[in-house]
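Below is one structure; the comments refer to it alone.
The values are calculated or read from the model by the stated rules, or taken from the named source; none is laboratory data. Quantities reported herein were computed from a predicted structural model and do not represent experimental measurements. Positions of Cβ are generated from backbone atoms using ideal geometry, with glycine treated the same way; all protein chains shown enter the neighbour counts.
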């Protein structure tokens with residue numbers, strides 16, 4: 001029983017021990033299983049986290065790569081745009097210096113890409129023919145010309161260039177191979193046969209940088225008197241009226257004058273539609289001539305000016321009034337080492353230049369100074385034009401041989417003893433049959449400021465187009481009186497009167513504008529000259545008829 005009890009106890013203890021061990025093993029297995037599961041879960045979480053981290057890293061790299069690619073593309077686009085801009089700017093810079101040719105109404109013009117520099121080629125050619133018919137019989141003692149020369153002459157043959165530089169400066173250079181009664185005077189002043197115009201016709205630099213103003217310096221053609229502000233390419237007749245020619249020659253207003261001119265012009269200056277202009281000039285002698293510039297003397301010098309006001313306009317029609325004035329400061333010296341004699345001669349041809357004879361002339365009057373004034377009124381109503389002008393010339397005649405013993409005012413030979421005064425006027429009109437109007441020039445840097453120019457044909461001549469250009473009928477009456485105190489005889493106290501003569505010209509004409517560059521003119525001048533001596537006032541008077549024809553090209 002004891003052994004059985006011991007064995008039973010031992011067995012029980014063994015069972016209890018085994019049971020405890022099994023329980024411990026079970027717990028241990030459970031814990032191990034739990035720990036393994038946790039480990040697995042933790043690994044899975046870590047793996048998931050690692051996977052997510054890897055996926056996030058991959059996503060971030062892809063985004064960066066996309067952003068880099070977009071940035072590269074943007075930079076490439078910007079580079080392309082910059083290259084395009086550089087190409088465009090380079091092209092513009094190249095074009096800046098490139099010159100382009102254009103034809104402005106038949107005038108070749110070359111200009112830089114920015115338009116700051118231009119140069120145009122100007123050509124003007126006028127070929128005149130005239131046939132004179134005059135009285136065959138004359139009174140006894142007749143001393144006037146009895147056989148004026150019919151023939152032809154190249155009246156003008158201009159070739160020159162004009163343009164602008166740096167926008168604010170303009171220039172014009174012009175040579176003339178034509179002239180009155182022969183051709184160009186060249187460098188010597190007077191050609192071998194006949195009387196010519198200076199070869200250097202114009203060489204002027206103009207500043208235009210101040211609005212409404214212009215300043216001309218060089219060899220200029222001043223703006224002066226009514227017809228003097230009309231271009232020679234736009235004249236209604238072959239020549240300007242006699243009073244305009246006399247003023248131009250004597251008072252420094254002709255072309256080829258060395259001088260300085262200041263001009264101002266403004267539209268709507270005083271009221272809507274008006275046009276106010278003013279010019280002032282200081283001029284000397286013509287180029288290519290030594291006349292009135294002798295040894296020991298001074299060059300002849302003049303001051304002159306003109307003011308015009310357009311009173312009314314409707315765009316096509318215009319009415320203008322003008323005033324001109326001039327003074328000879330020094331008529332120049334012709335002979336003598338001590339200054340020589342001062343002389344002024346008022347004279348002109350009968351409004352045609354084929355024959356150089358002056359039918360009226362005061363002859364040389366001893367005068368250092370002189371002055372003049374002129375008033376004009378003109379305008380167009382549609383295709384009708386009417387204008388006129390009056391001028392008066394006064395010379396300050398010197399005493400000469402008359403001394404103080406005979407005349408109280410004659411302190412010396414150069415003292416002024418009297419003031420011979422002469423005058424002239426004209427009225428002219430035109431009717432443009434084909435309906436065009438004369439072009440009004442409100443402002444210009446040359447002498448065409450405030451002037452009326454030729455019409456532009458609306459249908460240029462062409463056989464294929466059945467068009468004939470424009471036709472204009474013109475008429476003018478002019479009266480110039482170069483007589484003064486014709487009955488005044490010379491004595492020890494006074495000088496004789498002046499018998500320069502009186503000339504009346506009725507001019508009728510037809511102008512055919514084939515196009516704006518080519519024109520044919522036909523004039524019939526009916527001339528009456530009254531000239532003679534104090535005893536026989538009309539001894540040298542006569543009636544003359546002149547048929548004149550001109551072919552002109554001008555651009």
Practice problem: For the range 146-178, enumerate the residues that are assigned to a loop (DSSP other than H, G, I, E, B) and crowded, with 19+ Cβ neighbours inside 10 Å. | Solution: 148, 178
Self-check item: Checking residue 269 against (1) part of a strand (DSSP E or B); (2) modelled with pLDDT of 95 or more, the condition it does not meet
Solution: (1)
Exercise. Could you check how many residues of the range 299-318 are surrounded by fewer than 17 Cβ atoms within 10 Å (Cβ to Cβ) and outside any loop (DSSP other than H, G, I, E, B)?
Key: 3
Quiz prompt | Hey, residue 435 surrounded by fewer than 18 Cβ atoms within 10 Å (Cβ to Cβ) and not in a strand (DSSP E or B) or not | solution = yes
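Quick one: which residue in 192, 187, 143 is in a loop (DSSP other than H, G, I, E, B), surrounded by fewer than 16 Cβ atoms within 10 Å (Cβ to Cβ), modelled with pLDDT under 90 and assigned by TED's automatic domain parsing to the domain that holds residue 221? Working first, answer last.
Working: 187 fails: in a loop (DSSP other than H, G, I, E, B); 143 fails: modelled with pLDDT under 90.
Result: 192 is the single residue among 192, 187, 143 that is in a loop (DSSP other than H, G, I, E, B), surrounded by fewer than 16 Cβ atoms within 10 Å (Cβ to Cβ), modelled with pLDDT under 90 and assigned by TED's automatic domain parsing to the domain that holds residue 221.
Criterion first (free of Cβ contacts under 8 Å to residues at least 12 places away in the same chain and more than 30 Å from residue 454 (Cα to Cα)) does residue 409 satisfy it? Let's see the steps before the verdict.
Values: free of Cβ contacts under 8 Å to residues at least 12 places away in the same chain: yes; more than 30 Å from residue 454 (Cα to Cα): yes.
Taking the combined requirement at face value, the residue satisfies it.
Name the single residue that is modelled with the highest pLDDT among those in the range 98-125 being part of a loop (DSSP other than H, G, I, E, B) and within 17 Å of the chain's Cα centre (by Cα). Step through it out loud before you land on a result.
Taking the range 98-125 first, the residues part of a loop (DSSP other than H, G, I, E, B) are 98, 105-106, 113-117.
Those left that are additionally within 17 Å of the chain's Cα centre (by Cα): 105-106, 115-117.
Numbers: 105: 79, 106: 83, 115: 86, 116: 89, 117: 92.
So the residue we want is 117.
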Practice problem: Filter the range 444-473 down to residues that are surrounded by fewer than 17 Cβ atoms within 10 Å (Cβ to Cβ), part of a loop (DSSP other than H, G, I, E, B) and on the phi < 0 side of the Ramachandran plot, then give me how many there are. | Solution: 8
